[in-house]
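J.: Below you will find the structure I want to go over with you.
Coordinate-derived values only; no laboratory data. Predicted model, so just to flag it, every value in this text is computed and none were measured.
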Amino acid sequence: RNTERIGFTGKIGRVRSEFQSADWVNTIPMTLYDVKNLRFLKLSNNELQGSLRSEIGKSIRLIELDLGGNLMTGNLPLGLAKLTHLEVLSISNNTFFQGRIPKFIGAMPRLELLYLQGSGLTGSIPD
């Protein structure tokens, strides 16, 4: 198993990044939150821990965010509400969030696919 820390410096030229089963050292690199032109971010099945930071809202062009199958905890950050282009959000099968589905989820204008099973969130999707 590769446990080498993956770091990013400078600009990432691609707008699609898939790191499924990347064997990172259990956290989302902070520099990944600063990629404003990122469109697709798939971080599923990486045993990622910790919380999703509010800085995810800086990736304003993000269309798909897949965090399924990790070990993340905490609350869904309000920064997600800034992702007005987001069409797909998967936080399924995490030790993720406790409590009710946040109101801003229902207000995301382009959200078409929402995967919450096994996330710890309860309730209905707010209008």
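J.: Within the stretch 90-117, can you find the residues that are at positive phi and over 15 Å from the mean Cα position of the chain (by Cα)?
T.: Within the stretch 90-117, just Gly99 meets the criteria.
J.: Which number in (1) more than 17 Å from Leu32 (Cα to Cα); (2) more than 12 Å from the chain's Cα centre (by Cα); (3) hydrophobic (A, V, I, L, M, F, W, C) marks the one condition that Ile60 misses?
T.: Result: Ile60 passes all but (1).
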